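Trainee: The structure follows.
The values are calculated or read from the model by the stated rules, or taken from the named source; none is laboratory data. Nothing here was measured: the structure is a model prediction, and the numbers come from that model. All Cβ positions, even for glycine, are placed from backbone atoms using ideal geometry, and neighbour counts span all protein chains on display.
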Ligand SMILES: [Zn+2]
């Protein structure tokens, strides 16, 4: 069990709630650093957290008692002397199931602390309407063998789901997923029911998960202001401002795909006209490229990629036009949020080299000069894994935010929801 007097500032007992809160904060700081940075020496932890050596030692001891970290010999340094001991996470101390639900595919992975991927399955699915119940069953069919393959010593903490829709994190309720044809789907409940697990299921928008992934482990790690723009069938934007995800009151913020960019544009599946995704989404690209839309989306995009690689002028012009609209919309976001980096994911990552010039031009035509001077537009470094990595980080957030609280959940024990920065956010009642 956990000794409440360990850690904090010297470990004096009975200092009350403030001391306990400080100790929990410090535990989270140390675990969070090791989780992202990998094996580190105690000296590096002292430097990274600003805590003194004895406090760090106490915190490591407590995290070790929670089976979240361990200490072992590091790799020998280039110079003389013994290699210093390094603190590293124990991935098995907190394992989650990450899920990505898109219009064209379902991906699942078991991921441990430190981002260790145990197993991963990604399957394409035909682009036809699938009910939320069918999707939950599909996730279960893919996820159950992965969970069953985890040794009993691995502590399963919950599920993180990135979905192409507007999701409420507090209870996994999906308000709207126009491109999946869903409205008002309790997808979190459906997945936990289908899996038959008591652990929590966190559900969030896939672009928000891409942003979280790139912010923690990708091309924008350490960047405090970034926007992740994902192109699938629709367009999503995940926005991180001053290191914190912009979620809105119920987690619905960032639906940039349905902001107006062209009043003379086409009708959108959301009911409006000239939305960003009708001008710069996948359908616009296929229409402009003259690709017949009878096969599934993934195959269609391969056609576009093949033609672009051969230098087909219609295809390249289509990509430039989509890039222009994409850039205009990014210009709007830059004016609103002044990011340092804009990360392009999904379809836009795949076609980045064809889109880049037009995107930058479109962005500069729309964004105020001051705001776009220092911004860089880059492709997602995590590529196809971005949403899964983000979904894993989301589900790991409870233990990262409060290792002592969340860490007491026994393997297979009751899931409990903790208030966090990245995961649960209070929302309105369902309906
Ligand atoms: Zn729309």
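Trainee: Output yes when any residue across the range 337-351 is touching a residue at least 12 places away in the same chain (Cβ under 8 Å), surrounded by fewer than 18 Cβ atoms within 10 Å (Cβ to Cβ), farther than 30 Å from residue 110 by Cβ and touching a helix residue (DSSP H, G or I) at 6+ places or on another chain (Cβ under 6 Å), and no when none is.
Mentor: Yes, the range 337-351 contains at least one residue that is touching a residue at least 12 places away in the same chain (Cβ under 8 Å), surrounded by fewer than 18 Cβ atoms within 10 Å (Cβ to Cβ), farther than 30 Å from residue 110 by Cβ and touching a helix residue (DSSP H, G or I) at 6+ places or on another chain (Cβ under 6 Å).
Trainee: Kindly list, by first and then second residue, each pair from a residue in the range 15-27 that is modelled with pLDDT of 90 or more to a residue that is part of a helix (DSSP H, G or I), limited to pairs with Cβ atoms under 6 Å and residues at least 6 apart or on different chains.
Mentor: These pairs meet every condition: 24/404; 26/59; 27/59; 27/403; 27/404.
Trainee: Checking residue 11 against (1) modelled with pLDDT of 75 or more; (2) more than 14 Å from residue 402 (Cα to Cα), only one condition comes out false. Which one?
Mentor: (1)
Trainee: Residues that are at pLDDT 90 or above, assigned to a helix (DSSP H, G or I) and either within 16 Å of the ligand (Cβ to nearest atom) or under 27 Å from the mean Cα position of the chain (by Cα) (or both): does the range 236-251 have at least one?
Mentor: There is no residue in the range 236-251 that is at pLDDT 90 or above, assigned to a helix (DSSP H, G or I) and either within 16 Å of the ligand (Cβ to nearest atom) or under 27 Å from the mean Cα position of the chain (by Cα) (or both).
Trainee: Take the residues in the range 256-302 that are buried (at least 21 other Cβ atoms within 10 Å of the Cβ) and in contact with a strand residue (DSSP E or B) (Cβ under 6 Å, 6 or more places away or on another chain), then tell me which one is farthest from residue 362 (Cα to Cα).
Mentor: My answer is 268.
Trainee: In the range 252-265, what residues are within 17 Å of residue 233 (Cα to Cα) and either modelled with pLDDT under 90 or near the ligand (Cβ under 8 Å from one of its atoms) (or both)?
Mentor: 254, 255, 257, 258
Trainee: Of all the strands (runs of 3 or more DSSP E) wholly in the range 159-227, which have at least 3 residues that are more than 16 Å from the ligand (Cβ to nearest atom)?
Mentor: Counting at least 3 such residues, we get 201-205.
Trainee: For residue 129, state whether it is more than 20 Å from the chain's Cα centre (by Cα), farther than 18 Å from residue 94 by Cβ, outside any strand (DSSP E or B) and more than 16 Å from the ligand (Cβ to nearest atom).
Mentor: Judged against the criteria, residue 129 is a match.
Trainee: Can I ask one more? Only one of these is closer than 23 Å to residue 225 by Cβ, modelled with pLDDT under 95 and within 26 Å of the chain's Cα centre (by Cα): 346, 297, 281. Name it.
Mentor: Among 346, 297, 281, only 346 is closer than 23 Å to residue 225 by Cβ, modelled with pLDDT under 95 and within 26 Å of the chain's Cα centre (by Cα).
Trainee: Which of the residues that make up the range 256-265 are under 15 Å from residue 333 (Cα atoms) and either out of contact with any helix residue (DSSP H, G or I) (no Cβ under 9 Å at 6 or more places or on another chain) or not in a loop (DSSP other than H, G, I, E, B) (or both)?
Mentor: Selection gives 256, 257, 258, 260.
Trainee: Which one is surrounded by the most Cβ atoms within 10 Å (Cβ to Cβ), of the residues in the range 132-147 that are under 25 Å from residue 176 (Cβ atoms) and out of contact with any strand residue (DSSP E or B) (no Cβ under 8 Å at 6 or more places or on another chain)?
Mentor: Step by step, filter the range 132-147, then rank; the result is 136.
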